[in-house]
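Some notes on the structure that comes next.
The values are calculated or read from the model by the stated rules, or taken from the named source; none is laboratory data. In this text the structure is predicted, and so the values were computed from the model without any measurement. Backbone-built Cβ (ideal geometry, glycine too); neighbour counts: all protein chains shown. Calculation scope for accessible area: heavy atoms of the full protein, side chains included, ligands and nucleic acids excluded. Shrake-Rupley method; radii C 1.70, N 1.55, O 1.52, S 1.80 Å.
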Amino acid sequence: MDSHMTQPRIDSLLVIDKDPLLGLMLSKLLEVEATHISSFREIESLSDEFRPSGVFLGFSLMDDVMPRECGKIRSRWPDAPVIVIVDGFESEIQIRALALAGVEDFIKKPFTAYEVKARFLARQAVRLKHSLKKLLFLQIQN
């Protein structure tokens, strides 16, 4: 099997946060193009061909609809890890609601480039492994 196919790659990111600097910072840290939008409503304006390698959410967007929106993100891009950038003032209830909605990880500010890249690639590898298992299962059934 081609090792290029099994290694996680970062092609593009979707960053959803009120602050455009988060998208710029993540783009620089991960050395990849980031598409930044400032609200969940803007997701609808993205092309159907847009396939981010991962989705980062700023916790500043947290409200009653964020868990539902995370579920929509998870269904639109099932293979993209969803990571929330937090600042340390989150409640346990908020964190649990997001985890149930499909968020894989939380990264606390301030963070290092190494931490963001390592945690993102780890989550992406888990998603890739899960997708490969699903594909093998479907091939076995046919």
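For this structure, a couple of remarks:
- Residue ID - least open to solvent (accessible area, probe 1.4 Å), chosen from residues in the range 44-68 that are outside any loop (DSSP other than H, G, I, E, B) and over 28 Å from TYR114 (Cα atoms): SER45
- Count - residues of the range 8-22 that are more than 27 Å from LEU132 (Cα to Cα), modelled with pLDDT under 85 and open to solvent by less than 30 Å² (accessible area, probe 1.4 Å): 1
- Residue in the range 101-113 that is in contact (Cβ under 8 Å) with a residue 40 or more places away in the chain and assigned to a helix (DSSP H, G or I) present: yes
- Taken over the range 75-100, the criterion of being at pLDDT 85 or above, small (Gly, Ala, Ser) and in a helix (DSSP H, G or I) is satisfied by SER75 alone.
- Note on the range 28-41: residues that are of a type in the set (Ser, Thr, Tyr) and either part of a loop (DSSP other than H, G, I, E, B) or at pLDDT below 85 (or both) total 2.
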